[in-house]
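K.L.:
Quick one: the structure is below, and I'll ask about it shortly.
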């Protein structure tokens, strides 16, 4: 199993100090990459509370990537349909060029209809799946360096030059988050990897056949399997419907839970740690690598 570390660019812990401390720890402890989460202007509802402070996902990675040149840089995930896809293509290409090819673009369709409205994209909420489908095709077209016309439902380009190109060109990895059957089929048709969140291995296993069938139907290889998971030390490991999924318990119990992921051929976990302070966050990240991994 390979591990990345989710930066505290959101939640009550989000701050420059916490982001820097987490990135320093990821570099020192040999996490292979760091990951940011994306929301822009959520509502005041309880379900949105974690995202009331949310440092920008791409700009945060640019800051960290310039200071830590050995870390991969991933988004988990950008809500693409509430943005202009060409501008995001430029931002990701720029980050990949400046970081010598260290970017993974994790993307999704989003869930917060009020946030779409706050960003002037209310009408796009109900076609957000189609918008993401087209965005993936558009990005790969732009990142290839082609100046051939692009004709889609949302984008029509016939006279353009795109630059800078990503260091990885059109092979810049695109990981897609998904839960519903149509979204899982999108993963199989278009993605380089499936990237889940807030999901345990039992539910994850039920999604794999849909992804595999869609990939086979499209004549593509099976996307890689990855997940973003919370880590909670010293909490009871037993599952509970009242608690969101996390890898919990003592180190032995955590290792047993990670084996469940490995048995599904999941090859990468982006780990989310909590804590009341940057120091507490770093202690948890250290403890995982020394006692569990």
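Read the figures in this text as sums done on the coordinates, not as results from a lab. All values derive from a computational prediction rather than experimental measurement. Please note: Cβ atoms are built from the backbone with ideal geometry, for glycine as well, and neighbour counts cover all protein chains shown.
K.L.:
Nearest 10 degrees, 0 to 90: what angle lies between the long axis of helix 181-190 and the longest principal axis of the chain (Cα atoms)?
P.N.:
The angle comes out at about 70 degrees.
K.L.:
Consider a paramagnetic label point 7 Å from the Cα of residue 276 along Cα→Cβ; state which residues of segment 8-45 have an amide N under 18 Å from it.
P.N.:
What the label zone holds, given the 18 Å backbone N cut-off, is 11-15, 18.
K.L.:
Can you tell me the FRET efficiency between residue 264 and residue 69 if r is taken as the Cβ-Cβ distance and R0 is 45 Å, rounded to the nearest 0.05? Provide the component values of the computation, followed by the final result.
P.N.:
Numbers: r = 33 Å, r/R0 = 0.72.
For R0 = 45 Å, the calculated efficiency reads 0.85.
K.L.:
Here's something else I'd like to know. Taking the Cα atoms of segment 1-116 alone, what are Rg (to one decimal) and Dmax (as a whole number) in Å?
P.N.:
13.9, 40
K.L.:
While we're on this one: Taking Cα centroids, how far is segment 17-81 from segment 261-293 in Å?
P.N.:
That distance is 15 Å.
K.L.:
Return a whole-number percent for the relative contact order of segment 2-292, with Cα pairs under 8 Å and 6 or more residues apart as the contact set.
P.N.:
Relative contact order of segment 2-292: 17 percent.
K.L.:
What is the order of 174, 87, fewest Cβ neighbours within 10 Å to most?
P.N.:
Numbers: 174 23, 87 9.
In order of increasing Cβ crowding within 10 Å: 87, 174.
K.L.:
Starting from the Cα of residue 12, step 7 Å toward the Cβ, then list every residue of segment 257-293 with an amide N under 12 Å from that point.
P.N.:
275-277
K.L.:
Quote to one decimal, in nm, the extra length available between residue 118 and residue 146 on full extension: 0.36 nm per residue of separation minus the C-alpha distance between them.
P.N.:
Values: separation 28, 0.36 × 28 = 10.08 nm, distance 3.42 nm.
Once the chain is fully extended between residue 118 and residue 146, it gains 6.7 nm.
K.L.:
Relative contact order of segment 153-253: what whole-number percent is it, with Cα pairs under 8 angstrom and at least 6 residues apart? Let's see the in-between values first.
P.N.:
Values: 137 pairs, mean separation 22.0, N = 101.
Relative contact order here is 22 percent.
K.L.:
Next question. If you take every DSSP beta bridge fully contained in the chain, what fraction is antiparallel? Give it as a percent rounded to 5. Please list the in-between numbers first.
P.N.:
Numbers: 3 of 37 bridges.
Approximately 10 percent, going by the DSSP bridge assignments.
K.L.:
Further question: For the chain, set up a Gaussian network in which alpha carbons nearer than 10 Å are linked by springs, and say which option among 43, 30, 158 fluctuates the most.
P.N.:
158
K.L.:
Oh, and also: Which of these values of semi-axes √(5λ) of the Cα gyration tensor in Å was calculated from the structure shown: (1) 35, 25, 17; (2) 30, 22, 19; (3) 49, 21, 19?
P.N.:
Computed from these coordinates, semi-axes √(5λ) of the Cα gyration tensor in Å corresponds to label (2).
K.L.:
With r as the distance between the Cβ atoms of residue 198 and residue 171 and R0 = 25 Å, compute the FRET efficiency 1/(1 + (r/R0)^6) and round to 0.05. All intermediate terms of the calculation are to be shown ahead of the outcome.
P.N.:
Working: r = 29 Å, r/R0 = 1.15.
Here the calculated transfer efficiency is 0.30.
K.L.:
I need to check one value: relative contact order of segment 223-270, counting alpha carbon pairs closer than 8 Å and at least 6 residues apart, in percent.
P.N.:
Details: 54 pairs, mean separation 23.7, N = 48.
Here the relative contact order equals 49 percent.
K.L.:
Just report the Cα centroid separation between segment 197-246 and segment 156-192, whole Å.
P.N.:
21 Å
K.L.:
Mind checking the full-extension length gain between residue 20 and residue 240? Use 0.36 nm per residue of separation minus the Cα-Cα distance, one decimal, nm. Write down the numbers at each step before the final one.
P.N.:
Working: separation 220, 0.36 × 220 = 79.20 nm, distance 3.36 nm.
Here the answer is 75.8 nm.
K.L.:
Provide the gained length on full extension for the span residue 59 to residue 130, in nm with one decimal, where the gain is 0.36 nm per separating residue minus the Cα-Cα distance. All intermediate terms of the calculation are to be shown ahead of the outcome.
P.N.:
Working: separation 71, 0.36 × 71 = 25.56 nm, distance 2.64 nm.
Length difference between fully extended and current span is 22.9 nm.
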